[in-house]
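Any read-out appearing in this document is the output of simple, stated calculations on the displayed coordinates, not a laboratory observation. None of these values were measured; they are calculated from a predicted model. So basically every Cβ, Gly included, is an ideal-geometry build from the backbone, and we count neighbours across all protein chains shown.
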Amino acid sequence: MCLALLPGATPLASLEIEITGLRSGKGLIQLCLTADVGAFPDCKSGGGIKRTLSAAAPRIRFEGLAPGDYAVAVIHDANANSRLDTMLGIPREGFGFSRNPAIRFGPPRFDAARFAVAPNGGIQQIRMRYLL
C-alpha cells in the first residue's frame, strides 16, 4: 500500500542536484543535504543526508524527501582524502552551495543557501568555486 495516497499523509518529494563548473572529473564529490540549520554545512551533527559521488558523474537524485526548506553544501574532494584541503585557511579544493550565494569569509549561513522543495519535487544547480 502506498502511504502517500492515504488521506492526511504527507506527500514525498524528489530533488535532483546537478553540480557544474568542476575543474576536472577526478576525485569525489562530498555532499550534505539538510533541513537542519545546526547541521549545515557539513552534516556532522547527524541532521542531514551525506552522500559521496564520483566527480566524473556530478549529478544525484534524492527520493522520498518531506517537502520543506533545505540547503546543500558540496566539496570537490579532488584527491579523495575525505576532507576539504586548505592552505592558511583558504580552500584548495572546490566548494559550492545551493542557490550559489556570495562567499565572504567562511561558508554562508543556512538562510543564504536555503531553498524550498515542493511536493512535486525540484532541481538545484550548484556551481563549484575554486579560490586557489
- Interchain or sequence-distant (5+) residues whose placed amide H lies within less than 5 Å of the amide H of Gly21 are Met128
- Dipole moment magnitude, nearest 20 debye, the chain about Cα centre, only Lys, Arg, Asp, Glu C-beta charged: 360
- Item | Extent along principal axes [Cα atoms of the chain; Å; largest to smallest] | 55, 28, 23
- Query: Do the sum for the chain: with -39,500 (n - 2.57) for every DSSP H run of n ≥ 4, divided by all residues, what is the mean residue ellipticity at 222 nm, to the nearest 500 deg cm²/dmol?
  - Reply: -500 deg cm²/dmol
